[in-house]
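Worksheet: the structure to be examined is printed underneath.
The values are calculated or read from the model by the stated rules, or taken from the named source; none is laboratory data. Predicted model only: the values in this text are computed from it and were never measured. Cβ coordinates were reconstructed from backbone atoms using ideal geometry, including for glycine residues, and neighbour counts include every protein chain displayed. Keep in mind that these areas ignore ligands, DNA and RNA; they rest on the heavy atoms of the full protein, side chains included. Shrake-Rupley method; radii C 1.70, N 1.55, O 1.52, S 1.80 Å.
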Amino acid sequence: MPQMLLPLFPAEATTINELLGFCRKDDFVYYFNGMMPIFSHHQSDLKSFRLITSQLVVNGVASQSEIVRAFGVSKISVKRYVKLYREEGSGGFFKSRKGRSSKVLTPEVLRAVQAELNEGRFVSRICEEMDLKTDTVNKAILDGRLYRVEKKSLPQA
């Protein structure tokens, strides 16, 4: 005959609902189902936090509002990570992010623009001829990917 698990928690635990609780100890966060620990992670491990809270919601052990209330996170972030868990599973939390790369200023375009800048041409004229946005080229100059050549002044007669 199955025995009912009483909702007893360690003294330092904070309850999420009548069955779940968590506590922080020695830089780790421990999750409990009654007195039984079910998961732990370092307190700075945000990916594991997002994983376990999403897992609790998807498995029906906790509601999104209980997670929001217990941890003080925003409702939209809980929804976002529950959706990620449903679509990609636990691996979705640990895969590397796709970085954006410069699609406009390829190495060839950078060399061509720098050649024009070396001749002392204006950025606006270069951009008109090469069909580039002036903000894009000016940002590359500020970033140090391109540089302007100082114009030499003509000798005074």
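Values as computed for the structure displayed
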read-out: Hz values of 3J(HN,Hα) by residue in segment 136-141 - Karplus curve (6.51, -1.76, 1.60), Gly and Pro given as x; value: 5, 5, 5, 5, 5, 5
read-out: Descending principal axes extents, segment 59-100, alpha-carbon based, whole Å; value: 34, 22, 12
read-out: Charge-dipole axis of the chain as Lys and Arg at +1 and Asp and Glu at -1 on Cβ define it, positive-most pick from PHE93, PHE49, TYR30; value: PHE93
read-out: Amide hydrogen neighbours beyond the local backbone of PHE39, cut-off 5 Å, H modeled; value: TYR31
read-out: Non-local Lys pairs in segment 67-150, i.e. 8 or more apart or on different chains, that have alpha carbons under 17 Å apart; value: 4
read-out: Relative contact order [Cα under 8 Å, 6+ residues apart], the chain, whole percent; value: 12 percent
read-out: Answer label, with mean projected area of the Cα convex hull in nm² calculated from the coordinates and candidates [x] 16.6; [y] 24.2; [z] 10.5; value: [x]
read-out: Average accessible surface area per residue within the chain, 1.4 Å rolling probe, Å²; value: 74 Å²
read-out: Per-residue ³J(HN,Hα) for segment 110-123, Karplus 6.51 cos²θ - 1.76 cosθ + 1.60, θ = phi - 60°, Hz, x for Gly and Pro; value: 4, 5, 5, 5, 5, 4, 5, 5, 5, 7, x, 6, 6, 4
read-out: Compactness of segment 75-131, expressed as Rg and Dmax over alpha-carbon positions, Å; value: 21.2, 56
read-out: Accessible surface of the chain, 1.4 Å probe, proportion on carbon and sulfur as whole %; value: 53 percent
read-out: Whole-number D in µm²/s for segment 13-94 (Stokes-Einstein; Kirkwood sum over Cα pairs; 25 °C, 0.890 mPa s); value: 193 µm²/s
read-out: Pair ASP45, LEU19: separation of 7 Å Cα→Cβ label points (nm); value: 2.4 nm
